[in-house]
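The values are calculated or read from the model by the stated rules, or taken from the named source; none is laboratory data. What you see is a predicted model, and the numbers here were worked out from it, not measured in a lab. Cβ coordinates were reconstructed from backbone atoms using ideal geometry, including for glycine residues, and neighbour counts include every protein chain displayed.
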Amino acid sequence: MSTNHELRLYNSLGRRMEDFVPAAEVAGLYSCGPTVYAYPHLGNMRAYVFADTLRRALRWKGIPVRHVVNITDVGHAVADTETGEDKLEVAAARERRSVLDIAAYYTDVFLVDNAALNILPADEYPRASAYVEQMIEFAKKLDKDGFTYQLPSGLYFDTSRDPHYGELALMSAEGQLEAARLEHVEGRRRKTDFALWRAEEPGKRRVLRWDSPWGWGAPGWHLECSVMSMALLGQHFDLHTGGVDHRELHHVNEIAQSQAFLGDGRPWVRYWLHGEFLQLGAEKMAKSAGGAPRLADLTEAGYHPMAYRLFLLGGHYRSQLDFTTAAIDAAQATLRRLVARVQPLRPLPSVETLAEALLISGAATQHDPAAQRLLDTIDAAVAADLSTPKIIAALQDALREPALTPDGQRAVVAAADALLGLGLATLEPADLEHHRALTDLSAAEKHAITELVADRTQARKERDWARADQIRAQLDELGVILTDTPEGPVWQLR
Ligand SMILES: [Zn+2]
């Protein structure tokens, strides 16, 4: 039985599965982070759970990682356009707070949600506003090398200078994305050209502004990621992740300007991985759509953050997922069953890598073939482009498998959780009790429950115990906890 499968990842650059081999001892990983002008919603957080899954897979394979997640606190225009107002400045005006307050507040919220979802902290969370001088230097070099032209609205990258422009998005040289770029920019030569520097419009003074050779203004959004990633991971690094929407525009532009800047004929970053959207109803959950649910909404409704994580990992990161109440209910129920089965096995051993799991389970010394088989299944699953649904299935098998030794079972559970990050070593069943507030009920639901309670009272009065018990069971199914008091029955939701 072979264990230790080669890690294969789906590279958006070329759209194919490839063996992952880091260029140096420590793999460099950059994930496009949030623009901190509003609460991150559930769909936004999917991208970070995906990046965390990748990190855990690399750790499992014994590959050390340096992970950078940027915080965009300046430069990101409303609707991702080249000109116009910044998202943060609009938010500051709306909330009557300073731009710095807005950025600090929503950065904290983002980090709190990361922690709640058990996402391993990044090594660095660079703030774009702290790197503006480096961004200006970067743009100056592109300017000097003839990759740019200047307009009143700023300094633009000339995409006609890059014969490979748009490869990541599978664009033709003419730029098939033209239809998607509705914004008219006066003087722009090609619709694919993008702003490296966004100059202040006359009479419209920005709140966050820097002086540059192209006038007072702010950096372009794409420039930020190129500069911060190179500053913290070196000029070339291994992996770049983001939501699938970044594949068509943001990452295309990051690549164009970075390869022009480096000019060494080598690909800037070798592996580009993109996570799919979360669908709410039929719509992609984009922050700008407004009103999309947040993690805090779920926890207030009685769901554990790990139920959301399990829901996400129940789908592959490259598949769209539909977020529904039924799906999150099912995830919470599955998690409750997992925790109940894991509890008697505690304490779980500390396992982070395949090598540790093999050693602790006894599989390495052939003492536990059943554990070895399950660890092989888990390793094969993670190596096949991070197949988390298969890891969850193997975890469930491990909890049912009678042939496993207790140590083997503990090791397999700990191994699966090192990749899934559900916190099975410490989650308590009580954490997963689902308490719903009465305000969650619709008027019709409340009415139906009140009727059942009254029917039961009547049945008891008539000494019809069978019927009273039957109604009680019905109420129980609805999640109603009924208590008989001298004043009559009172009820609450479980
Ligand atoms: Zn980015």
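Here are the numbers:
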quantity	calculated
Subset of the stretch 19-53 that is surrounded by fewer than 20 Cβ atoms within 10 Å (Cβ to Cβ) and more than 22 Å from residue 68 (Cβ to Cβ) - its residue that is nearest to the ligand (Cβ to nearest atom)	39
Residue count for the stretch 440-478, restricted to those that are within 16 Å of residue 493 (Cβ to Cβ), among the hydrophobic types (A, V, I, L, M, F, W, C) and in contact with a helix residue (DSSP H, G or I) (Cβ under 8 Å, 6 or more places away or on another chain)	6
Residues satisfying the stated conditions in the stretch 348-368, i.e. surrounded by fewer than 19 Cβ atoms within 10 Å (Cβ to Cβ), touching a residue at least 12 places away in the same chain (Cβ under 8 Å) and over 16 Å from residue 419 (Cβ atoms)	362, 367
Which numbered condition residue 319 fails, given (1) modelled with pLDDT under 95; (2) of a type outside the set (Phe, Trp, Tyr); (3) not in a helix (DSSP H, G or I)	(1)
Members of the stretch 336-368 that are part of a helix (DSSP H, G or I) and of a type in the set (Ser, Thr, Tyr)	361, 365
Test: residue in the stretch 404-412 that is under 28 Å from the mean Cα position of the chain (by Cα) and among the polar types (S, T, N, Q)	no
Those residues of the stretch 227-250 which are near the ligand (Cβ under 9 Å from one of its atoms) and among the polar types (S, T, N, Q), in sequence order	229
Tabulated pairs, the stretch 446-460, first more than 13 Å from residue 472 (Cα to Cα), second at pLDDT 90 or above and hydroxyl-bearing (Ser, Thr, Tyr), C-beta under 9 angstrom, 6+ apart or interchain	none
Residue list for the stretch 451-494, restricted to those being surrounded by 14 or more Cβ atoms within 10 Å (Cβ to Cβ) and of a type in the set (Asp, Glu)	455, 464
The stretch 251-278 - residue that is part of a helix (DSSP H, G or I) and closer than 25 Å to residue 19 by Cα and, of those, farthest from the ligand (Cβ to nearest atom)	259
Positions within the stretch 186-242 being among the aliphatic types (A, V, I, L, M) and closer than 30 Å to residue 28 by Cβ, in sequence order	195, 196, 208, 218, 223, 227, 228, 230, 231, 232, 233, 239
Count of residues meeting criterion [within 16 Å of the ligand (Cβ to nearest atom) and not hydroxyl-bearing (Ser, Thr, Tyr)] in the stretch 199-226	8
Residue check, residue 231 modelled with pLDDT under 95, assigned to a helix (DSSP H, G or I) and touching a helix residue (DSSP H, G or I) at 6+ places or on another chain (Cβ under 9 Å)	no
Test set (1) away from the ligand (no atom under 16 Å from the Cβ); (2) at pLDDT 95 or above; (3) over 18 Å from residue 419 (Cα atoms) - residue 14 fails condition number	(2)
Any chance residue 109 is within 16 Å of the ligand (Cβ to nearest atom), among the aliphatic types (A, V, I, L, M) and within 21 Å of the chain's Cα centre (by Cα)	no
Failed item in (1) part of a helix (DSSP H, G or I); (2) buried (at least 17 other Cβ atoms within 10 Å of the Cβ); (3) free of Cβ contacts under 8 Å to residues at least 40 places away in the same chain, with residue 373 passing the rest	(3)
Residue among 95, 85, 124 that is within 16 Å of the ligand (Cβ to nearest atom), surrounded by fewer than 19 Cβ atoms within 10 Å (Cβ to Cβ) and charged (D, E, K, R)	124
Single match in 292, 326 (criterion: away from the ligand (no atom under 13 Å from the Cβ), more than 13 Å from the chain's Cα centre (by Cα) and free of Cβ contacts under 8 Å to residues at least 40 places away in the same chain)	326
Residues of the stretch 221-255 satisfying the condition of being polar (S, T, N, Q) and surrounded by fewer than 19 Cβ atoms within 10 Å (Cβ to Cβ)	235
Residue within the stretch 17-34 that is farther than 19 Å from residue 269 by Cβ and within 21 Å of the chain's Cα centre (by Cα) present	yes
Of all residues making up the stretch 195-225, the number that are touching an Asp or Glu at 6+ places or on another chain (Cβ under 6 Å) and not aliphatic (A, V, I, L, M)	5
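This table checks each residue for (1) at pLDDT 80 or above; (2) among the small types (Gly, Ala, Ser).
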site	(1), (2)
142	yes, no
149	yes, no
163	yes, no
174	no, no
180	no, yes
